[in-house]
Amino acid sequence: MAKEKPKQATKSNDSDINLKGTFISVMLVGIFILVLWFGSYALFLSR
Amino acid sequence: MHLHKFEKIWLVFGMASLVLFLLIIGFAAFWKGTHPQSHIETIDPQNVEAHEAFKPENLGLREVADGKYTVNIVASAFNYDFGTDADGKAVKKIRVPKGSTVLFQITTKDVVHGFQVAGTNVNMMVEPGHVSRLETVMKNTGEFTVVCNEYCGVGHHQMFATVEVYE
Amino acid sequence: MMLKNYNFPKKDARLYMSFMYVTFASLLVGGLMGLLQTLSRSGEFQLPFGINYYTILTVHGVILGLVLTTFFIVGFQFALMGKTVGLSDKQRKWAWIAFWTMLVGTIMAAVTILIGEANVLYTFYAPLRAHPAFYIGLALVIVGSWIAVFTNFRQLYVWKKANPGQKSPLLAFMVVINMAMWFIASLGVAISVLVLFIPWSLGYAATINVLLSRTLFWYFGHPLVYFWLLPAYMAWYAIIPKIIGGKLFSDSLARMAFILLLLFSIPVGFHHQLTEPGIDPTWKFIQVVLTFMVVIPSLMTAFSIFATFETTGRRLGHKGLFGWFKNLPWGDVRFFAPFVGMVAFIPGGAGGIVNASHQMNSLIHNTIWVTGHFHLTIATTVILTYFGIAYWLVPHLTGRRLTPRLNKLGIIQTIIWTVGMTIMSTSMHIQGLLGGPRRSDFSNYAGGEQVQTWISYQLAQAVGGTILFIGILLMIYIFIQLAFFAPKGVQEFPIAEEEVDAEPTPKILENWYLWIGITIALILFAYTIPMIDIIKHSPPGSLPFDWPIGRS
């Protein structure tokens, strides 16, 4: 980003927000995308 | 503006997946030559017979070398012209042995059509003024229905043929 | 400035509601056509009165894909602008002109289709030739939407002048992004219709350049789907957080996602033309790469949404890894309907990546997989979010309340939709992989085993389609209740606020010259050379064809 800002110590913004559930959720989405894509590609190659 | 640590990991993971997909299809396309059908050759849609491949006597299936075939087709609403057989009847089914290399060449005399050998990767748009051309190896045996998969008018769903790949 | 809980002045509310009436009338008409299609394709029923399958297919696509969406979006966006930056008397007048222009165009096109003079489907590919009134009607819809575009631009401009140095309200920013994208994209289809189709359909031009017309259409066609999606994203980013009792996750990230969507939605049209002759495959691949770039803002959106849910839930005291998820307001249809839409976007988006994967496109191109795909994206993700908006927007505009009974009916409606669409879309995806074509009336083709397998899935689609139509009837009932009969009251217009200690949004995100400049540069990069190729190597043009679509 053009305007990346240095982390501000005063902010409660980052690491202490607990986003573990979010992380697991999005990774599951990512795995779904990978599985669908490679499955489709395998089907494409087999034809 | 800054991102949460997990969001960074997620975006890196996501973008890496996209790059991986692109590398795979890019490698297959540019090094192995498996681009989607993109033949660059124009033709007069009102006079397709002027093109060697689409002369009436050249339509249909021809073995050009051992295990290598060419299929020339003229599409029109609502029919695929695969030429005629020995009795002068319109060909509606072609047969090739498994593992043969088949070059499909097709054009249209009128509107836009599709040409898909359903269940295979032979899937092309057919547009007036252009020749669509795709070479493929028929890997699997079976009876495959050729369907027009681009809307071409009220008889669109009656436009079909069959490709049989035998052992 | 933000009068969230106060209703609009009557004359503003009447304007916004006019768009909603057309939206829901379109839903009923278009949905009925969808039902007839699935029944007809099952092979068990025949259309009555000799109605042609392709006539109803054209009505379905035009009314739902172009009319319902455009009217809802323009109306919803006007309401957002009115709420966040205000609407002057003069602007209101222009908004009405936009409405009537679009409506006249819609009626012209619809009548032409219904009398069987435009069986060309919503993509109207040349050289099939519809009656000129069809093209002129479509052109009016687009011109009308442009009036809305410039009215929205003006609204934000006036606000900016009155509030120097302040960042624009997030929703107003998002509306302007969507309208900027829509305007730049619809130039393509406008040129195609005005320069190529209308003169040719009237007989002033003898022939048409088919590939050029298609390329101009798809230059517009992909941003079109993002034009549908962005209002849903607006609700996900800036409205849903309020409904679940939270705050914006990040104003900057939301703006960043919208900017990326603006940049990468347009220079990607070739991914709809991957199997076409006459286009250099290298340029196709370049646009495939750009298409993959447009996935990134959606990845960001996925994270933002989950993070909004999690931070809100944790703040409300829900513990554990997924306690926040369990305690989302599942009983609130304003949340539940859009939530199902979000879930549908996971297979919808993932399927989209498969579709755009260059040579892999030939696996599914023009098969009914594609129909299944966009019934997840537009007909579930987008439409359920629109419904989710309507549940509060309509009563807000009519000075009524979403009662617990109507809320419950909404939940039932969403469940019906989910069940119907799961059946219909899944069977479409499978049938597509088996090679079944889209946009085709029932046919046994050459018979045989392969076709038999397709037909069983078409039966499943008829079941799904019937369930969906029940869902549509219920939605229409809810709409009529909210518009005319629900008890008087005040329904909140939910707009999420930033955290008190939120980081300031970088100014560069509002540098319109920069972002529109990059957008245009990307378009020029992706299209200039292939366009020159297409024009330079054009074949003899195509004469018009009337008879294939049943015109004499």
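Please treat every number below as a calculation from the coordinates, not as lab data. Everything quoted here is computed from the prediction, not taken from an experiment. All Cβ positions, even for glycine, are placed from backbone atoms using ideal geometry, and neighbour counts span all protein chains on display.
Per DSSP H run of at least 4 residues, take -39500 (n - 2.57); add these up for chain B, divide by its residues and hand me the 222 nm value, nearest 500 deg cm²/dmol.
-5500 deg cm²/dmol
Relative contact order for chain C using alpha-carbon pairs under 8 Å, separation at least 6, rounded to a whole percent?
On the way: 843 pairs, mean separation 113.3, N = 552.
It rounds to 21 percent for chain C.
If N is the number of residues in the protein assembly as shown, what value comes out of its Cα radius of gyration divided by 2.2 N^0.38 Å?
0.95
How would you classify segment C:115-274 from its alpha-carbon gyration tensor, with a ≥ b ≥ c the square roots of the eigenvalues: rounded for a/c under 1.5, else prolate if a/b is greater than b/c, otherwise oblate?
Values: a/c = 2.64, a/b = 2.15, b/c = 1.23.
Here segment C:115-274 falls in the prolate category.
Set the Förster distance to 41 Å, then compute FRET efficiency between residue C:111 and residue C:6 from the Cβ-Cβ distance, nearest 0.05.
Between residue C:111 and residue C:6 the formula returns 0.50.
What is the Cα centroid distance between segment C:249-316 and segment C:76-123, reported in whole angstrom?
27
Between residue C:490 and residue B:137, how high is the FRET efficiency from 1/(1 + (r/R0)^6) when r is the Cβ-Cβ distance and R₀ = 51 Å? Nearest 0.05.
Given R0 = 51 Å and the Cβ-Cβ separation, E is 0.15.
Beyond 30 Å between alpha-carbons counts as too far, so tell me which of B:5/C:161; C:242/C:488; B:5/C:247; C:10/C:160; A:20/C:160; C:11/C:167 fall in that bin.
The answer is B:5/C:161; A:20/C:160.
When the chain is fully extended, how far beyond the present Cα-Cα distance does residue C:316 get from residue C:498, taking 0.36 nm per residue of separation?
Full-extension gain reported as 63.8 nm.
So, in nm, how far is label residue C:516 from label residue C:459 when the simple model puts each one 7 Å beyond its Cα toward the Cβ?
My value for the distance between the label points is 5.6 nm.
What residues have an amide H closer than 5 Å to that of residue B:75, excluding those fewer than 5 places away on the same chain, when H is modeled at 1.01 Å from N in the peptide plane?
Counting only residues 5 or more places away or on other chains, the set is B:81, B:107, B:108, B:109.
Residue-wise, which Karplus ³J(HN,Hα) couplings in Hz belong to segment C:192-202, taking 6.51 cos²θ - 1.76 cosθ + 1.60, θ = phi - 60°, and x for glycine or proline?
Here the 3J(HN,Hα) series is 4, 6, 6, 8, 8, 6, 5, x, 6, 6, 8 Hz.
Trypsin sites (Lys or Arg not before Pro), restricted to segment B:33-114: which are DSSP loop and have at most 15 other Cβ atoms within 10 Å? If you can, show how the numbers build up before the last one.
Values: sites: B:62, B:68, B:89, B:92, B:93, B:95, B:98, B:109; in loops: B:89, B:92, B:98, B:109.
Answer by residue number: B:89, B:92, B:98.
How would you classify segment C:358-451 from its alpha-carbon gyration tensor, with a ≥ b ≥ c the square roots of the eigenvalues: rounded for a/c under 1.5, else prolate if a/b is greater than b/c, otherwise oblate? Kindly include the intermediate steps, with their values, before the conclusion.
Values: a/c = 3.74, a/b = 2.65, b/c = 1.41.
Note, shape of segment C:358-451 comes out prolate.
List the equivalent ellipsoid semi-axes of chain C in whole Å, largest first, each obtained as the square root of 5λ for an eigenvalue λ of the Cα gyration tensor.
Semi-axis lengths for chain C are 36, 28, 24 Å.
Run lengths n ≥ 4 of DSSP H only: what is the helix-derived mean residue ellipticity at 222 nm for chain C, with -39500 (n - 2.57) per run over all residues, to the nearest 500?
-22500 deg cm²/dmol
Using all alpha carbons of segment B:48-166, what is the percent of pairwise distances in each 5 Å bin, ordered from the shortest bin to the longest?
For segment B:48-166, the pair-distance distribution reads 2, 12, 23, 26, 21, 11, 3, 0, 0.
Excluding residues on the same chain fewer than 8 positions from residue B:139, give the lysines whose Cα lies under 16 Å from its Cα.
Straight-distance partners of residue B:139: B:68, B:98.
From the square roots a ≥ b ≥ c of the eigenvalues of the alpha-carbon gyration tensor of segment B:48-105, which class results: rounded (a/c under 1.5), prolate (a/b over b/c), or oblate?
Note, shape of segment B:48-105 comes out prolate.
About its Cα centre, what dipole magnitude does chain C give when the only charges are +1 on Lys and Arg Cβ and -1 on Asp and Glu Cβ, stated in debye to the nearest 20?
1460
I'd like to verify something in chain C: which complete DSSP H helices, judged by Cα projection on the helix axis, reach 20 Å or more and average at least 1.6 on the Kyte-Doolittle scale?
Flagged H segments are C:170-191, C:251-265, C:512-536.
Taking the Cα-to-Cβ direction at residue B:44 and at residue C:44 and moving 7 Å from each Cα, how far apart do the two end points lie in nm?
5.3
For the pair residue B:66 and residue B:19, what calculated FRET efficiency results from E = 1/(1 + (r/R0)^6), where r is the Cβ-Cβ distance and R0 = 35 Å, to the nearest 0.05?
About 0.25, to the nearest 0.05.
Can you tell which of B:30, B:104, B:144 shows the greatest fluctuation in a Gaussian network model of chain B with Cα springs below 10 Å?
B:30
By counting other Cβ atoms within 10 Å of each Cβ, how are C:41, C:154 ranked from fewest to most? Could you put the intermediate results ahead of the total?
On the way: C:41 26, C:154 15.
Result, fewest neighbours first: C:154, C:41.
As a test, work out the antiparallel percent of DSSP beta bridges whose residues both lie in the protein assembly as shown, rounded to the nearest 5.
70
Which percentage, to the nearest 5, of the DSSP beta bridges contained in segment B:48-166 is antiparallel?
If we restrict to bridges inside segment B:48-166, about 70 percent are antiparallel.
Return C:367, C:207 ranked ascending by Cβ neighbour count within 10 Å, so the fewest neighbours appear first.
By the 10 Å Cβ count, ascending: C:207, C:367.
Tell me the chymotrypsin sites (Phe, Trp or Tyr not before Pro) within segment C:20-54 that lie in a loop according to DSSP and have at most 16 other beta-carbon atoms within 10 Å.
C:45
For segment C:345-412, what percent of Cα pairs sit more than 19 Å apart?
Taking all Cα-Cα pairs of segment C:345-412, the fraction more than 19 Å apart is 50 percent.
Give me the angle, in degrees from 0 to 90, between the Cα long axis of helix B:5-30 and the longest principal axis of the Cα atoms of chain B, rounded to the nearest 10.
30
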